[in-house]
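Below is one structure; the comments refer to it alone.
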Amino acid sequence: MGRQLKKMRLPNGMEAEERACGDYVCKYCSGKATACNFVADMCLQVYARHQGLCGAYIETDKYVGYITECSTCRYQGITGECGYAGKAVMG
């Protein structure tokens, strides 16, 4: 039983969705979530303490930094489902 990420339809018709949660653990370096930015009870951004330049680090013309979302989380399964089961990392 894993987490279900939330989705919300904005007044302008766009859809916002969570991309990670406070239980994030990097699958490359085991860096854990240290903080989350919430808006309307949705986690829109997760900060994690990564260990050096692990596999979650990217450099492109538009972004330089760590991808801290489900795609780089230890708990994401092959088909995209969350396999998290346990006590929350952030408390």
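Between residue 32 and residue 9, the FRET efficiency from the beta-carbon distance, with R0 = 41 Å, is close to 0.85. The structure-derived value of Kirkwood radius over Cα pairs in Å appears in the list (i) 13.3; (ii) 13.9; (iii) 21.2 under the label (ii). Under 19 Å of direct C-alpha separation, and excluding same-chain neighbours fewer than eight residues apart, residue 27 reaches these aspartates and glutamates: 18, 59, 69, 81.
Within the accessible surface of the chain, defined with a 1.4 Å probe on protein heavy atoms only, the carbon and sulfur portion equals 51 percent. A Cβ-based charge dipole, computed about the Cα centre of the chain with Lys and Arg at +1 and Asp and Glu at -1, lands at about 260 debye. When only Cα pairs below 8 angstrom with a gap of at least 6 residues are kept, the chain shows a relative contact order of 31 percent. Surface exposure of the range 29-91, expressed per residue as accessible area with a 1.4 Å probe, stands at 68 Å².
Ranking 66, 24 by solvent-accessible area of protein heavy atoms (1.4 Å probe, all protein chains present), from largest to smallest, gives 66, 24.
The values are calculated or read from the model by the stated rules, or taken from the named source; none is laboratory data. Please read these numbers as outputs of a predicted model, since none were measured by experiment. No Cβ is skipped: glycine too gets one built from the backbone with ideal geometry, and neighbour counts run over all protein chains shown. Surface areas here come from the heavy atoms of the whole protein model, side chains and all, with no ligands, DNA or RNA. Shrake-Rupley method; radii C 1.70, N 1.55, O 1.52, S 1.80 Å.
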